[in-house]
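> This is the structure I want to talk about, given as structure tokens.
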Amino acid sequence: MKTFFLKAILLLGVSLIFASNAFSQEAYNLKYRFTKGKTYLYKNETALNSTQEVMGQEMKFNTTSQSVLRFNVNNVEENGDAEMMMSFDSLLVKTSMMGRDTTLDLSNLIGKRTEATVTPFGKVKDYEMIDSIDEKFKMMSISQQASQFFAQFAGTKIKEGETWNNSRIDTIKTMGSSIIDTMDFAYTLAGKESKLGHECFKIPFTTNSKMHGKGNMQGMDLFIEGTGKSTGTIYFDAQSGIIVYSETNMDNDMTMATSGQQSMVIPMTQSTKSTQTLISD
């Protein structure tokens, strides 16, 4: 009987320890906390490797880009919505194809502003270009990147180890084409980690995407479809309410078909690695 009671007390003690750990696990409602009048600068670095097959010939090209994005917070509403002006401080894009290196002149995009409203949970709404740019550069404009820059949080309390999901649909317009990109995200709150001098939440994520679209180039109708997968990690300073650093690795498989006298099907694969680093707040 004595042994029975000792075992019962031991089991009760173990149960209380697990119960205590469960109840003490803190939950967090992650939010952006933008400050009126502040300016945030991010350095964005991207490397893209692409392979496509045209009329039986394989073609490879690489593209690298470096940019500095500026976010000026003009106002913050009582509900936390931030009205901000976004623009490029600098932008450099280099391509290498068939042994030929090219640097694109994108100076006309520097300083071109896009106005947007960002909710505390990262949804970008009501964004529009303030300054006009050439149609052929719209794919690289800040307005195309605005809706993709901010991770979207759950909008409710999340404990470490828990996952939340959201979806986003973007329209990419360039060179007379319009591509619909549907993305499904899964984020996980993995714990805390120091990053670039900030105490951050580490948030790994995965994305599955589908894209389709059509357009016209030099009189030829184009049809584009594809799928993509990506993985990455976000480091979020919850006290300051800003992303400190993020990295993404993405792979896409796409097909572009043309119609008309020179109809063809062009399969393409793309591998992209990108990082975003807070350099001034």
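> If you go through the stretch 177-201, how many residues are buried (at least 17 other Cβ atoms within 10 Å of the Cβ), assigned to a strand (DSSP E or B) and not polar (S, T, N, Q)?
Total meeting the criteria: 9.
> Can you tell me which residue in the stretch 149-170 is nearest to residue 33 (Cα to Cα), limited to those that are surrounded by 13 or more Cβ atoms within 10 Å (Cβ to Cβ) and modelled with pLDDT under 90?
Just the residues of the stretch 149-170 that are surrounded by 13 or more Cβ atoms within 10 Å (Cβ to Cβ), to begin with: 149-155, 158, 160, 162-164, 166, 168, 170.
Then drop every residue that is not modelled with pLDDT under 90, which leaves 149-150, 168, 170.
Details: 149: 15, 150: 13, 168: 22, 170: 25 Å.
So, considering only residues that are surrounded by 13 or more Cβ atoms within 10 Å (Cβ to Cβ) and modelled with pLDDT under 90, the one nearest to residue 33 (Cα to Cα) is 150.
> Still on this model: Among the residues of the stretch 174-214, which ones are aliphatic (A, V, I, L, M) and farther than 23 Å from residue 229 by Cα? Spell out the reasoning first.
First, the residues of the stretch 174-214 that are aliphatic (A, V, I, L, M): 175, 179-180, 183, 186, 189-190, 196, 203, 211.
Across the stretch 174-214, the qualifying residues are 175, 196.
> Would you call residue 43 farther than 16 Å from residue 149 by Cβ and either among the hydrophobic types (A, V, I, L, M, F, W, C) or in contact with a strand residue (DSSP E or B) (Cβ under 6 Å, 6 or more places away or on another chain) (or both)?
Details: farther than 16 Å from residue 149 by Cβ: no; either among the hydrophobic types (A, V, I, L, M, F, W, C) or in contact with a strand residue (DSSP E or B) (Cβ under 6 Å, 6 or more places away or on another chain) (or both): yes.
The answer is no for residue 43.
> Looking at the stretch 201-237 only, could you name the residues that are basic (Lys, Arg) and either farther than 30 Å from residue 277 by Cα or in contact with a Pro (Cβ under 9 Å, 6 or more places away or on another chain) (or both)?
Within the stretch 201-237, the first condition is being basic (Lys, Arg), and the residues that meet it are 202, 210, 214, 229.
Once the filter is applied, which keeps residues that are basic (Lys, Arg) and either farther than 30 Å from residue 277 by Cα or in contact with a Pro (Cβ under 9 Å, 6 or more places away or on another chain) (or both), the stretch 201-237 yields only 214.
> So, residue 217, is that one surrounded by fewer than 18 Cβ atoms within 10 Å (Cβ to Cβ) and at pLDDT below 85 or not?
Numbers: surrounded by fewer than 18 Cβ atoms within 10 Å (Cβ to Cβ): yes; at pLDDT below 85: yes.
So residue 217 fits the description; yes.
Here is a yes/no grid of residues against (1) within 19 Å of the chain's Cα centre (by Cα); (2) under 28 Å from residue 270 (Cα atoms); (3) in a strand (DSSP E or B):
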{"position": "51", "(1), (2), (3)": "no, yes, yes"}
{"position": "67", "(1), (2), (3)": "yes, yes, yes"}
{"position": "80", "(1), (2), (3)": "no, no, no"}
{"position": "85", "(1), (2), (3)": "yes, no, yes"}
{"position": "88", "(1), (2), (3)": "yes, yes, yes"}
{"position": "132", "(1), (2), (3)": "no, no, no"}
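> Are any residues in the stretch 88-139 at pLDDT below 80 and among the basic types (Lys, Arg), and if so, which ones?
Of everything in the stretch 88-139, those that are at pLDDT below 80 and among the basic types (Lys, Arg) turn out to be 136, 138.
> Shifting gears a bit: Please indicate, with yes or no, whether at least one residue in the stretch 267-281 is of a type in the set (D, E, K, R) and not in a strand (DSSP E or B). Quick ask: steps written out before the conclusion?
In the first step, residues of the stretch 267-281 are kept if they are of a type in the set (D, E, K, R); the result is 273, 281.
Subsequent filtering for residues that are not in a strand (DSSP E or B) retains 281.
Yes; the residues of the stretch 267-281 include at least one that is of a type in the set (D, E, K, R) and not in a strand (DSSP E or B).
> Name every residue in the stretch 226-258 that is over 20 Å from the mean Cα position of the chain (by Cα) and under 19 Å from residue 211 (Cα atoms), in order of residue number.
255, 256, 257, 258
> Mind checking which pairs have a first residue in the stretch 254-277 that is without any contact (Cβ under 8 Å) to a residue 40 or more places away in the chain and under 30 Å from residue 232 (Cα atoms) and a second that is surrounded by 13 or more Cβ atoms within 10 Å (Cβ to Cβ) and not hydrophobic (A, V, I, L, M, F, W, C), Cβ under 6 Å, 6 or more apart or different chains?
From residues that are without any contact (Cβ under 8 Å) to a residue 40 or more places away in the chain and under 30 Å from residue 232 (Cα atoms), the pairs are 255/225; 255/267.
> Do any residues in the stretch 93-116 that are free of Cβ contacts under 8 Å to residues at least 60 places away in the same chain have Cβ atoms under 9 Å from those of residues that are open to solvent by 80 Å² or more (accessible area, probe 1.4 Å) and outside any strand (DSSP E or B), where the two are at least six apart or on different chains, and which pairs are they?
112/132
> Can you name the condition, by its number, that residue 240 falls short on among (1) open to solvent by 20 Å² or more (accessible area, probe 1.4 Å); (2) in a strand (DSSP E or B); (3) more than 17 Å from residue 187 (Cβ to Cβ)?
Every condition holds for residue 240 apart from (2).
The values are calculated or read from the model by the stated rules, or taken from the named source; none is laboratory data. Since this is a predicted model, take the numbers as computed values, not measurements. Note that we place each Cβ from the backbone using ideal geometry, even for glycine, and neighbour counts take in every protein chain shown. To get the accessible areas, we keep the full protein, side chains included, count just its heavy atoms, and leave off ligands, DNA and RNA. Shrake-Rupley method; radii C 1.70, N 1.55, O 1.52, S 1.80 Å.
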